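Read the structure below first, then the notes.
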């Protein structure tokens with residue numbers, strides 16, 4: 001069994017390690033982590049809120065991917081919102097931390113429809129702990145010493161159309177590419193962080209005065225990678241409790257829930273299982289937890305869109 005775990009760990013580094021830094025983490029509770037990918041969400045629901053997301057992938061596989069996300073967002077006035085987003089990714093010997101400031105501006109199209117435009121600016125650090133390779137029996141490769149660990153600036157933008165019953169979101173959070181490795185003795189060893197584009201939307205269907213059907217979908221496009229799609233179907237009860245399922249075309253299915261336990265506190269949880277047989281037998285799935293704390297009352301001048309649960 002240790003051999004299988006070590007093999008999977010090596011595969012995770014060779015496959016995920018070369019792609020994971022290219023592609024941002026995929027969230028099962030993506031409707032509640034929109035600030036990471038779209039700066040237009042900063043303060044768009046008229047509340048000051050702090051949200052944290054903890055995602056631990058492939059339980060029982062040592063050094064499997066882990067992601068921690070934190071974002072604080074607040075409306076400055078009726079039209080301007082600001083936010084700060086911090087994301088830390090780790091997989092095997094790789095780790096990165098990004099810090100971005102988000103700015104959003106509201107354009108009121110009519111009484112129930114608003115368009116938010118957003119800008120994201122900041123950067124990230126990248127680290128490769130090569131000293132940890134040898135403990136699983138792999139010799140240190142001098143090429144890995146060429147990794148660029150300097151600060152990497154980033155800019156992004158987004159748009160968010162928000163109605164009382166539906167939403168449409170477009171985000172491009174990573175626009176500046178960076179090399180990870182250089183050329184050595186004529187061998188190209190670089191790996192580039194690729195631009196990301198996200199398109200998502202959802203609609204609320206009233207099934208009864210206390211029950212809503214809330215389907216949503218997210219499309220992900222990353223240069224030189226297949227188009228990814230997440231599809232979620234959820235039921236919301238009494239405007240407080242949400243239960244649903246999520247299917248990812250890249251090979252995963254999740255059970256998700258979001259509970260409004262108090263006016264100031266929401267708790268979310270998702271359990272994700274891979275559908276690929278060769279991986280499902282070697283791990284116990286992925287756990288994801290969302291904690292959201294609201295510090296201010298809703299701004300009544302900004303429309304409330306329950307079809308989107310962005311913060």
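List of remarks:
- Exposure proxy ranking for 164, 45, based on other Cβ atoms within 10 angstrom of each Cβ and starting from the fewest, stands as 164, 45.
- In terms of packing, defined here as the mean over residues of other Cβ atoms within 10 angstrom, the peptides 85-93, 235-243 line up highest first as 85-93, 235-243.
- Fewest-first ranking of 58, 264, using other Cβ atoms within 10 Å as the exposure measure: 264, 58
- Rounded, prolate or oblate (a/c below 1.5 giving rounded, otherwise prolate when a/b exceeds b/c) for the range 210-262 by Cα gyration tensor: prolate
Values quoted throughout were computed directly from the atomic coordinates according to the rules given, and no laboratory measurement underlies them. These numbers come from a predicted model, not from an experiment. Quick reminder, even Gly has a Cβ in these numbers, built from the backbone with ideal geometry, and neighbours come from all protein chains shown.
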